[in-house]
């Protein structure tokens, strides 16, 4: 039958294997060295070192072997495991939020660069509106001049008909008055 001695014991950590997480405590009042595992010191703010004073309880296994349990290192702060686990969880959440914000910022910058690149590199389109054609300026008006032409049959292109309708008096090229000249000959849809 195993048991725990409720009376706190004290001793010096005589040997410690940090890579394996165990060692031996030499009891303050003498006697056989007591085995101690790192799990007995789980609330300590640092790992044990040879020479530390250890306060512990003795647990006796069914086979009579004794080991230190519920131990602490004298003079070393204990940590609240619940608080530490909560802090670790909070740090993880904060890191996730930071990474998400960073990702959104990078994506936003990428989108702006992408939009700017395609806006600058794509061919420009002339906006089509419901503005009547007689209000749209033509760039080649210097090729035409008012020479007395009045009818659509005298025109050689839609562009020339538009010039005459806008600039030359007395033309008879916009029968329905919608601002589009020679719709059946040159400027029809």
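The values are calculated or read from the model by the stated rules, or taken from the named source; none is laboratory data. Note that this is a predicted model, so its numbers are computed, not measured. Quick reminder, even Gly has a Cβ in these numbers, built from the backbone with ideal geometry, and neighbours come from all protein chains shown.
Regarding residue 104, is this residue surrounded by 10 or more Cβ atoms within 10 Å (Cβ to Cβ), at pLDDT 80 or above and closer than 30 Å to residue 23 by Cβ? Against the criterion (surrounded by 10 or more Cβ atoms within 10 Å (Cβ to Cβ), at pLDDT 80 or above and closer than 30 Å to residue 23 by Cβ), residue 104 does not qualify.
The lone criterion from (1) under 25 Å from residue 3 (Cα atoms); (2) surrounded by 13 or more Cβ atoms within 10 Å (Cβ to Cβ) left unmet by residue 47 is number (1). State yes or no: is residue 21 surrounded by fewer than 16 Cβ atoms within 10 Å (Cβ to Cβ) and in contact with a helix residue (DSSP H, G or I) (Cβ under 7 Å, 6 or more places away or on another chain)? Here the answer is yes, as residue 21 does meet what is asked.
Out of the residues in the range 137-148 that are surrounded by 10 or more Cβ atoms within 10 Å (Cβ to Cβ) and within 18 Å of residue 179 (Cβ to Cβ), which is modelled with the lowest pLDDT? Steps first, please.
Quick first cut of the range 137-148, residues surrounded by 10 or more Cβ atoms within 10 Å (Cβ to Cβ) only: 138, 140-141, 143-146.
Within this subset, residues satisfying the condition of being within 18 Å of residue 179 (Cβ to Cβ) are 138, 141, 144.
On the way: 138: 44, 141: 57, 144: 85.
Among those residues, the one meeting the criterion is 138.
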